[in-house]
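These notes concern the structure reproduced below.
Read-outs: derived from the displayed coordinates by stated rules, not from any lab. In this text, all values refer to a predicted model and were calculated from it rather than measured experimentally. Neighbour counts are summed over all protein chains in view; Cβ atoms, including those assigned to glycine, are modelled from backbone coordinates with ideal geometry.
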Amino acid sequence: MESALAQNGQSPMQRLYDLGLINGSLIAVHATQLNDDEIALLAQVGATIVHCPESNLKLASGFCPVAHCLAAGVNVALGTDGAASNNDLDMLGEMRTAALLGKAVAKNASAIPAVTALRMATINGAKALGLADKIGSLEIGKAADVIAIDLSELETQPLYCPISQIVYAASRQQVTDVWVAGEHLLKSRKLTTFDMSELNAITAKWQARLMGE
């Protein structure tokens, strides 16, 4: 922010606006340095913020005022950023972190309830891509994108509110099945279209290559 102001006399967001890039197609990733006017502008044009809380924590790069953005009408989706700044790329973990961090940033324990975090990870992401009529929720006419989460584990018992339990207590190890556009890609925690031995060999090869071996 300081270098942008020194170089251009403008915040990055203001410069993007002057260049005509602040519009309904904008996907602003991280968005950790927003002021009230910029939040209002994003809401006005229908832009999207992709919140990456665990990356922000690892890089100590500031935090998006998610509760404020949502209250202003901004579409806020959820992302992980890359493996270099978010090692596990775990969307269930990201939901939990988003919900907890959002409360701390807003200084409000009721900010970012579990259902909001779930929407950020699903339908809000579909809206960001302009695909909300095709994906992002379980509705007739949309793609059959479904995951099954086993909540019978001791860690997620007793069960009162499934959404709250998924966001605050479940882990990705409890995802048993995944269907994408109706295709069963994960069955009883086994990948159906990949060979694990081959994947492990590719991983080892790239590890050695990146280490210069």
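Calculate I(q)/I(0) for segment 74-200 by the Debye formula, one identical point scatterer on each C-alpha and no solvent, and give its log10 at q = 0.18, 0.19 Å⁻¹ to two decimals.
The calculated log intensity ratios at q = 0.18, 0.19 Å⁻¹ are -1.18, -1.29.
Could you tell me which helices of the chain pass both thresholds, a Cα extent of 15 Å or more along their own axis and a mean Kyte-Doolittle hydropathy of at least -0.5, with helices taken as whole DSSP H runs?
Values: long enough: 91-106 (22 Å, 0.82); 196-210 (21 Å, -0.13).
Qualifying helices, which must be both long enough and hydrophobic enough, are 91-106, 196-210.
Considering only DSSP states other than H, G, I, E and B, which GluC sites (Glu not before Pro) in segment 35-140 qualify as loop sites with at most 13 other Cβ atoms within 10 Å?
Working: sites: E38, E54, E94, E139; in loops: E139.
Here the sparse-neighbourhood loop sites are E139.
Rounded, prolate or oblate: pick one for segment 22-62, where a ≥ b ≥ c are the square roots of the eigenvalues of its C-alpha gyration tensor, a/c under 1.5 means rounded, and failing that, prolate if a/b is larger than b/c, else oblate. Can you show the working numbers first?
Details: a/c = 3.75, a/b = 1.87, b/c = 2.00.
Here segment 22-62 falls in the oblate category.
Would you calculate, for the chain, the mean residue ellipticity at 222 nm contributed by helices, counting each DSSP H stretch of 4 or more residues as -39,500 (n - 2.57) and dividing by all residues, to the nearest 500? Intermediate results must be reported in sequence, preceding the final value.
On the way: 10 runs with 90 residues, N = 213.
The helix contribution divided over the chain gives -12000 deg cm²/dmol.
What aspartates and glutamates does K58 reach when the alpha-carbon gap must be under 15 Å and sequence neighbours fewer than 8 apart in one chain are set aside?
Answer for K58, where 15 Å is the Cα cut-off: D81, D88, D90, E94, listed by chain and number.
Return the tail of the calculated pair distribution for segment 50-116, meaning the percent of Cα-Cα pairs more than 17 Å apart. Can you show the working numbers first?
Details: 779 of 2211 pairs.
Cα-Cα pairs of segment 50-116 separated by over 17 Å account for 35 percent.
Taking the Cα centroid of segment 24-61 and of segment 176-207, what is the distance between the two, rounded to the nearest whole Å?
Each part reduced to its Cα centre gives a spacing of 32 Å.
Please report the equivalent ellipsoid semi-axes of the chain, computed as sqrt(5 x eigenvalue) of the Cα gyration tensor, largest first, in whole Å.
On the way: eigenvalues 203, 106, 67 Å².
Sorted largest first and rounded, they come to 32, 23, 18 Å.
Step through the table entries K142/K187; K107/K142; K142/K190, compare each Cα-Cα distance with 28 Å, and write down the pairs that go over it. Write out the running numbers ahead of the final one.
Working: K142/K187 22 Å; K107/K142 37 Å; K142/K190 25 Å.
Those over the limit are K107/K142.
Considering the chain as a Gaussian network with a 10 Å cut-off on Cα pairs, which listed residue, T203, T80, T193, attains the greatest mean-square fluctuation?
Checking each option, the largest mean-square fluctuation is seen for T203.
Straight-line reach from K205: which aspartates and glutamates fall under 12 Å, measuring Cα to Cα and dropping same-chain residues less than 8 apart?
The qualifying aspartates and glutamates are E213.
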